Amino acid sequence: MKTKGKFITLEGIEGAGKTTQLAVVQSCLEEQGVDVLTTREPGGSPIGERIRALLLDPDLKGIAADTELLLMFAARAEHLEKKIQPALENGIWVLCDRFTDATYAYQGGGRGIELERIALLEEYVQDSMRPDLTLLFDLPVATGIARAGRRSAPDRFESEAVCFFEDVRTGYLAIAQSNPERVRVIEAGVPVEQVSDQVRRQVTAFLKEIDR
Ligand SMILES: Nc1ncnc2c1ncn2[C@@H]1O[C@H](COP(=O)(O)OP(=O)(O)OP(=O)(O)O)[C@@H](O)[C@H]1O
Ligand SMILES: [Mg+2]
């Protein structure tokens, strides 16, 4: 039987550098001979990407917080069953741009849904499945918003007020604090090369840890 692949997630507010650094994690692993699949949430599967388009549509005003939450987990159920689990079972490592920590941070921290309710859905959809490693890209909200704003027109989440992202950031840091084994915080408000150095260090440390 093949050894199962590892599941690595990248998290952080908009403009934190997740998508930029995903390529760094990927090349770091591929240099070590690891087979890698990169994907993202919400989305990552054909149905999931359709749900993503709905969730990010800036014209979709006034969606109920619970609808948003359930759509996130609907997309995740599809993603896990069709893409993530099959890859992991074939020994492929999966790198995912956002996962359930984002649901806790945005729908919990940002929208104020009780974390216990999110935990119920997490268990329902994922059972005991959790990432093996999470890189949390942390930076001042203003820096992240400025970077994201330079990149493209704002999606539905990017149109939120600064205080929303402050709550999201706080939500993420709380997750890091309660999951120190899994979540590594990266200081992301610095030049891209310095962020990449931290990423390479963390990935190398993780590879050493699992080698023991
Ligand atoms: N360390 C950095 N310093 C300055 N600019 C950066 C840095 N990292 C990324 N950027 C730039 O900031 C923008 C946002 O980066 P990126 O798309 O990687 O963030 P993200 O976390 O994936 O954002 P989103 O959540 O909106 O997808 C991009 O234009 C990218 O080139
Ligand atoms: Mg991105």
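All of the numbers you see were taken from the coordinates with simple rules; none came from a lab. Fair warning: this is a prediction, and the values are worked out from it, not measured in the lab. Quick reminder, even Gly has a Cβ in these numbers, built from the backbone with ideal geometry, and neighbours come from all protein chains shown.
From least to most packed, judged by other beta carbons within 10 angstrom and beginning with the fewest, K6, K18 follow the order K6, K18. Extension gain, D211 to S27, is 64.4 nm, computed as 0.36 nm per intervening residue step minus the present C-alpha separation.
Rounded to the nearest 0.05, the FRET efficiency derived from the C-beta distance between R200 and A65 at R0 = 41 Å is 0.60.
Distance between the modelled labels on A142 and A53, one decimal in nanometres: 3.8 nm (7 Å Cα→Cβ projection).
Would you please give the FRET efficiency between L120 and S178, computed as 1/(1 + (r/R0)^6) with r the Cβ-Cβ distance and R0 = 25 Å, to the nearest 0.05? Computed FRET efficiency for L120 and S178: 0.90. Report the residue, chosen from A161, A119, A75, that carries the largest GNM mean-square fluctuation when the chain is represented by alpha-carbon nodes joined by springs under 10 Å. Of the options given, A161 has the highest mean-square fluctuation. Computed over segment 115-211, the percent of Cα pairs more than 21 Å apart is 48.
Per-residue ellipticity at 222 nm from helix content only, as computed over the chain with -39500 (n - 2.57) for each DSSP H run of at least four residues, stands at -15500 deg cm²/dmol. Each Cα pair under 8 Å and six or more residues apart adds its separation to the average, and for segment 22-96 the resulting relative contact order is 44 percent.
Using only the alpha carbons of the chain, what is the convex hull's orientation-averaged projected area in square nanometres?
If you wrap the Cα atoms of the chain in a convex hull and average its projections, you get 11.5 nm².
Checking every one of the GluC sites (Glu not before Pro) in segment 131-188 against DSSP loop status and a limit of 14 other Cβ atoms within 10 Å picks out E181.
For the chain, modelled as a GNM with alpha-carbon contacts under 10 angstrom, which of G15, G112, G171 fluctuates the most? Comparing G15, G112, G171 in a Gaussian network model of the chain, the most mobile one is G112.
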